[in-house]
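Chemist: To start, I am sharing the structure in question, which I have written as structure tokens.
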Amino acid sequence: MKWLARSLRNLSAHDYKVLHALEKGMKTYEFVPVDLIARYSSLRKERASSILKRLHDFKLVTRQIADYVGYRLTVHGYDALALNVLADSGTIEFFGSKLGVGKESDVYEALTPSGRRVAVKAHRIGRTSFVHVKRARSYVKRGVTRSNWFPASCKSAEREYAALKILHSNGVAVPEPVYLNRHILVMGFIEGEELVSCRSLSEPYDVLELILENVKLAYQCGVIHGDLSEYNV
């Protein structure tokens, strides 16, 4: 995603118009027809086609040539839409290195215009198993296909953002939620070492007590951590 953040500078307002048109069209099409993309972006078909070829070179869209020529956003294209909002809103100024990769998310380091260190989490629902996620997540229903997991990723990010707002405001030891756009969540950066990386603890019982205390506080707030483990403590 770091290379993508740098490449955003090369995208024009018309490029983003086409990306937005694709996002809208993918609500009803797996591959959006060029005619519809042109209409949604208020561009002539020839101009829209030229921009689509450019975005295809940037790997922001993918193309299908069958009964008709159609396009859809790639993961990078959807990232570009969200990252552009983060930049325009003054939320993120510098994008850093990758902090971690999970089954359903990527986390990166970033800096705000004021120099504050934050974590940027991109939700990637469905990356590992279509069937498992459909079964395990009750909110993954309509509008989700094997080729378009963006609605589910957005919903997952929304749910996490809402939970963090509740927990952080009630004193639970979680990152401060900073900003949300689409599937990308910006949160405060917590210094420290993951529990899974600790070979030994000087006060293991104190650590356990602190974890259980926060679990209890979260429960009292009506929030249950569905994946608590040594990898996210």
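Chemist: Has the stretch 6-15 got at least one residue that is of a type in the set (A, V, I, L, M, F, W, C) and in contact (Cβ under 8 Å) with a residue 40 or more places away in the chain? Steps first, answer last, please.
Modeler: At the first step, the residues of the stretch 6-15 found to be of a type in the set (A, V, I, L, M, F, W, C) are 8, 11, 13.
Checking which are in contact (Cβ under 8 Å) with a residue 40 or more places away in the chain leaves us with 8, 11.
Yes, the conditions are met somewhere in the stretch 6-15.
Chemist: For Ala82, all conditions in the list (1) under 23 Å from Ile184 (Cβ atoms); (2) out of contact with any helix residue (DSSP H, G or I) (no Cβ under 8 Å at 6 or more places or on another chain); (3) free of Cβ contacts under 8 Å to residues at least 60 places away in the same chain hold save one; what is the number of the exception?
Modeler: (3)
Chemist: Which of the residues belonging to the stretch 108-126 are part of a loop (DSSP other than H, G, I, E, B) and among the aliphatic types (A, V, I, L, M)?
Modeler: As a first pass, look at the stretch 108-126 and keep what is part of a loop (DSSP other than H, G, I, E, B): 112-116, 124-126.
Answer for the stretch 108-126, where residues must be part of a loop (DSSP other than H, G, I, E, B) and among the aliphatic types (A, V, I, L, M): just Ile125.
For (1) part of a helix (DSSP H, G or I); (2) free of Cβ contacts under 8 Å to residues at least 24 places away in the same chain; (3) touching a helix residue (DSSP H, G or I) at 6+ places or on another chain (Cβ under 9 Å), each residue gets a yes or a no:
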residue	(1), (2), (3)
His168	yes, yes, no
Pro175	no, no, yes
Leu180	no, yes, yes
Met187	no, no, yes
Glu191	no, yes, no
Arg199	no, yes, no
Glu209	yes, yes, no
Lys216	yes, yes, no
Asp227	no, yes, no
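Chemist: Take the stretch 1-30 and flag every residue that is of a type in the set (A, V, I, L, M, F, W, C), in contact with a strand residue (DSSP E or B) (Cβ under 7 Å, 6 or more places away or on another chain) and more than 17 Å from Asp57 (Cα to Cα).
Modeler: Within the stretch 1-30, Met26 is the sole residue that qualifies.
Chemist: Let me ask something else about it. Are any residues in the stretch 24-52 aliphatic (A, V, I, L, M) and assigned to a helix (DSSP H, G or I), and if so, which ones?
Modeler: Hits for the stretch 24-52 are Val34, Leu36, Ile37, Ala38, Ala48, Ile51, Leu52.
Chemist: Moving on. If I ask for residues that are of a type in the set (Phe, Trp, Tyr) and either in contact (Cβ under 8 Å) with a residue 60 or more places away in the chain or not in a strand (DSSP E or B) (or both), which ones from the stretch 85-107 would you list? Full working, then the answer.
Modeler: Keep residues of the stretch 85-107 that are of a type in the set (Phe, Trp, Tyr), which gives 94-95.
Result: Phe95, single match.
Chemist: Quick check on the stretch 23-37. Is at least one of its residues closer than 30 Å to Glu176 by Cβ and either in contact (Cβ under 8 Å) with a residue 12 or more places away in the chain or within 17 Å of the chain's Cα centre (by Cα) (or both)? Please lay out each step first, then the result.
Modeler: Taking the stretch 23-37 first, the residues closer than 30 Å to Glu176 by Cβ are 23.
If we keep only those that are either in contact (Cβ under 8 Å) with a residue 12 or more places away in the chain or within 17 Å of the chain's Cα centre (by Cα) (or both) as well, we get 23.
Yes, some residue in the stretch 23-37 is closer than 30 Å to Glu176 by Cβ and either in contact (Cβ under 8 Å) with a residue 12 or more places away in the chain or within 17 Å of the chain's Cα centre (by Cα) (or both).
Let's see how each residue does on (1) among the basic types (Lys, Arg); (2) at negative phi; (3) surrounded by fewer than 18 Cβ atoms within 10 Å (Cβ to Cβ):
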| residue | (1), (2), (3) |
| --- | --- |
| Arg6 | yes, yes, yes |
| Asp15 | no, yes, no |
| Glu30 | no, yes, yes |
| Lys53 | yes, yes, yes |
| His56 | no, yes, yes |
| Leu73 | no, yes, no |
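No value in this document is a laboratory result; all are computed from the given coordinates. This is a predicted model, so every value here is computed, not measured. Don't worry about glycine lacking a Cβ; one is built from the backbone with ideal geometry, like all the others, and counts go over all protein chains shown.
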